[in-house]
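The values are calculated or read from the model by the stated rules, or taken from the named source; none is laboratory data. Fair warning: this is a prediction, and the values are worked out from it, not measured in the lab. Cβ placement follows ideal geometry from the backbone for every residue including glycine, while neighbour counts extend to all protein chains displayed.
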Amino acid sequence: MKNNFDVIDFLNDLNQTQKEAVEYLDGPSLIVAGAGSGKTRVLTYKIAYLLKNGYNPSSILALTFTNKAAEEMKQRVNTLLGSNISNYLEMGTFHGIFYKILRQEAEAIGFNKNITIYDTSDSQSLIKTLIASLNLNDEYYKPNLMYGRISRCKNNLLTPHKYRMSNDLQIEDSKARIPKFVDLYEAYFKQCKMQNAMDFDDLLLYANILFRDSPDILDKYMNKFKFILVDEYQDTNMSQYILIKKLSTLNNKVCVVGDDAQSIYGFRGARIENILNFKKDFPKHKLFKLEQNYRSTQTIVNAANSVIKKNEKQISKNVFSENNTGSLIQIQKALTDSEEAIIVAKGINETILSNHLPYAEIAVLYRTNAQSRNLEEALRKTNIPYKIYGGLSFYSRQEIKNVLAYVKLSVNPSDNEAFKRIVNYPSRKIGKVTIEKLQDVATQNNISLWEVIETPNAFPQLNINAGTLNRLLMFRDLVNNLKANISEQTASEYLNYLIQETGIYADLKNDKSVESMNRMENVDELINAAKNFEEEMLKDEPDADVSISSYLENVSLLTDMDNEAEEDFNKVTLMTIHSAKGLEYDHVFLVGLEEELFPSAMSRDTQAELEEERRLFYVAITRARKFLTITYASSRFRFGNLIYPSPSRFISEIDRNFVNWAENENEHKATKNIFQHYRSSNQTDYNSKGSKYVPINKTTRLKSDRFVQKPEKTEIDGERLTPDQIVVGLKIRHETFGKGKVVAVEQTGNGKTAMVHFENSGTKKLLLSFAKLYAEN
DNA sequence: GCTCAGGGCATTTTT
DNA sequence: TGCCCTGAGC
């Protein structure tokens, strides 16, 4: 392991405060790092400095929130020190690090080593089952709300036992008409344990339980971790906070880095108090404030300051920039959100020409993922290349979850969620009723579904007919086969074998639809990822564990493919503000600045929520290096209805000196037309945008006399047409709203049926309602 | 057991 | 508008 400690030129690479923060190793410290102040640089150098001062890599615990942040930090440590030293550091996400510890110490908390991790959808599906089996009224007990509530409890270290002890909570639940919440919580808690599974919050909760109940184990880790570093401390929740406090009690060497002004995850349990109260928690701490912003122009930094200073709860600091003054922030009003998208597209083309920016240096930020649609359409029309972050992540796709469920079940047969997911995929004619029967027996005997089919004869009350039972046994044998091979092959070999053996491959290959082809590609991508994983592992350690179970451990805590495709290199980035945290671009377009999306006044009930919205706005502004354009729409279609939002108050909170607020009189013609149609028409029920660019993904039989006539006429202007050339749609004046493409015409008993591909379900709904209306008259 | 039409319902998100 | 869930009917 070679190192470059002595080569690092701290004096040249760091400013005075950064240097002091890096070199302080005597006790706890808080580094308040304003936006763009070189936070990651300080952390990286601090790790290098610790190593230089004789700290063993494995005694340094460095915690981040995202895999991306951990990955970046590792890279930078390696670059700085010229080795692969980061492999020896205890560096990773909170969840990743504690998952590793919990597997190691599984026995102490009554688990076995092969702990499955349930993602949000697994958890919610289990909760749903439990709501049904506890006979709870699903009008009040909604799975996603219950999941959120349970999550909040766990993040605050409220176990079901503690919950039951609290009278206040019971009264609160009764008022909210969910008096049995605690029963549900307890059942869920027990079920997870029985299935040897943990959800994300459990990883932190059980780590707390482990350290609470096994002092010797706590002791071991307190001794092991001589120095603890925490990134994004403003986003830690109670559970994480206690873990840090506990682990640091012996050595008292903890360095936390964060910016209270960028705390935007309160809604999922982050406690800004953790950073605000650091003083009290670690009385003998040292405070460093990184206040020089190296990222943005003075205008942008000052504008952001003028907004955030309105928050009451914050650590006082003076973020400043010595860069150029830069251009004013442009604020533009659009008539509708579609026009807003067009304005952005134009703006992108302009900035490329006049500021000579590459696409990669431009980002469009919005509050909610749904807002990307209009933008995509406008960018597509103007041929601007773009990429979207967020939405459905790779690992939450059906096909990927299905494949991984086979792996999970092989590793941990108690995993009922995996069992249910694949027992009938590919189809084995094992349906709801059979699973319910299995579930009943499993519940009665407090065992897993797998254990029931392992020895079905042991359960005489299991009333399943011979044919179905036989299919279940074939499934059992299949999984047993998979289990037997688990350590024989590498991860990618195993996945290849698995998709053949289970029939997944055949299932996807036989179906020629576009979706199936996409699915197949994704499965291939998964196998590729496994291959990459093997190569990565073997590069550093020739005898590393590259089996599928090792891969599963690695992959369970991943949410995204962090290997950015090369073709995505020079593209405009579209994403939510939340996911933009930590990133920066030359030109940022911030869209949807309506009160409705950035609620600032009465619509937020507490001061705390208002302040979090303001911090979100602050984060958005400070992503920009040179140019910032803010847009809002004065009217938008929401769930098919027209609404008139007002601009968010936050816009006017920016000091006027930094802003150019141009009222846009140049309303886009098409938008205006649609707008007028909408106003002059009594109909409130038609598609405002016409046809969509999205790939065809819905097939529907359209049964309506009127509509059948269209495909029947296979001649238009004397030219013969095949069904797929005929388009049905709703015409209003000169525009067609909603299009469906007829692909086949069938003769049935009472008339003709047209098979129509719809581009989306909204169009389908629209045309069907139109067809009904037409048929009635 | 499977399919498909119709009803209900919508933040932000990492792990 | 779009998507997920459900229950009726095959």
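Sub-9 Å Cβ pairs linking a first residue in the range A:384-395 that is farther than 18 Å from A:ASN522 by Cα and in a loop (DSSP other than H, G, I, E, B) to a second residue that is within 15 Å of DNA strand C (Cβ to nearest atom) and not β-branched (Val, Ile, Thr), at least 6 apart or interchain, are A:ILE384/A:ALA378, ordered by first then second residue. Criterion applied to A:GLU399, A:GLU376 was being closer than 29 Å to A:ALA530 by Cα, within 16 Å of DNA strand C (Cβ to nearest atom), in contact with a helix residue (DSSP H, G or I) (Cβ under 9 Å, 6 or more places away or on another chain) and touching a residue at least 12 places away in the same chain (Cβ under 8 Å), and the one residue passing it is A:GLU399. Kindly indicate the residue of the range A:349-373 that is away from DNA strand C (no atom under 13 Å from the Cβ) and among the β-branched types (Val, Ile, Thr) and also farthest from A:ASN528 (Cα to Cα) among those meeting that condition. Within the range A:349-373, the match that is farthest from A:ASN528 (Cα to Cα) is A:THR351. Among the residues of the range A:170-201, just one is on the phi > 0 side of the Ramachandran plot and either modelled with pLDDT of 95 or more or among the aromatic types (Phe, Trp, Tyr) (or both), namely A:ASN196. Against the numbered list (1) within 23 Å of A:PHE211 (Cβ to Cβ); (2) in contact with a Phe, Trp or Tyr (Cβ under 9 Å, 6 or more places away or on another chain), A:MET238 comes up short only at (2). If you go through the range A:534-548 and pick out every residue that is touching a residue at least 40 places away in the same chain (Cβ under 8 Å) and within 14 Å of A:GLN489 (Cα to Cα), you end up with 4.
For the range A:70-108, taking the residues that are of a type in the set (D, E, K, R) and assigned to a helix (DSSP H, G or I), the one that is farthest from A:MET537 (Cα to Cα) is identified as A:GLU107. Looking across the range A:52-69 at every residue that is in a helix (DSSP H, G or I) and at pLDDT 90 or above, the one that is surrounded by the fewest Cβ atoms within 10 Å (Cβ to Cβ) is identified as A:SER58.
Is one or more of the residues making up the range A:395-409 in contact with a strand residue (DSSP E or B) (Cβ under 7 Å, 6 or more places away or on another chain) and closer than 29 Å to A:CYS192 by Cβ? Checked the range A:395-409: at least one residue is in contact with a strand residue (DSSP E or B) (Cβ under 7 Å, 6 or more places away or on another chain) and closer than 29 Å to A:CYS192 by Cβ. Restricted to the range A:118-136, and to residues there that are more than 21 Å from A:HIS95 (Cβ to Cβ) and of a type in the set (S, T, N, Q), the residue that is surrounded by the most Cβ atoms within 10 Å (Cβ to Cβ) is A:THR129. Close Cβ contacts (under 6 Å, 6 or more residues apart or on different chains) running from residues in the range A:635-660 that are at pLDDT 90 or above to residues that are within 16 Å of DNA strand B (Cβ to nearest atom) and assigned to a helix (DSSP H, G or I) comprise A:PHE650/A:PHE617. Taking the conditions (1) more than 23 Å from A:ASN237 (Cβ to Cβ); (2) within 16 Å of DNA strand B (Cβ to nearest atom); (3) surrounded by 15 or more Cβ atoms within 10 Å (Cβ to Cβ) in turn, A:GLU139 satisfies each one other than (3).
Scanning the range A:98-124 for residues that are small (Gly, Ala, Ser) and either away from DNA strand B (no atom under 14 Å from the Cβ) or closer than 30 Å to A:LEU61 by Cβ (or both) yields A:ALA106, A:ALA108, A:GLY110, A:SER123. As a summary of the residue check, A:LYS193 satisfies the conditions (1) more than 16 Å from DNA strand B (Cβ to nearest atom); (2) without any contact (Cβ under 8 Å) to a residue 60 or more places away in the chain; (3) charged (D, E, K, R) except for the one numbered (2).
What residue, among those in the range A:548-569 that are at pLDDT 80 or above and in a helix (DSSP H, G or I), is nearest to DNA strand C (Cβ to nearest atom)? Restricting to residues being at pLDDT 80 or above and in a helix (DSSP H, G or I), the top hit is A:VAL555.
Out of A:ILE275, A:ILE242, one residue alone is closer than 20 Å to A:LEU157 by Cβ, away from DNA strand B (no atom under 16 Å from the Cβ) and either of a type in the set (Gly, Ala, Ser) or in contact with a strand residue (DSSP E or B) (Cβ under 7 Å, 6 or more places away or on another chain) (or both). It is A:ILE275. For A:TYR49, the conditions (1) touching a residue at least 24 places away in the same chain (Cβ under 8 Å); (2) outside any helix (DSSP H, G or I) all hold with the exception of (2).
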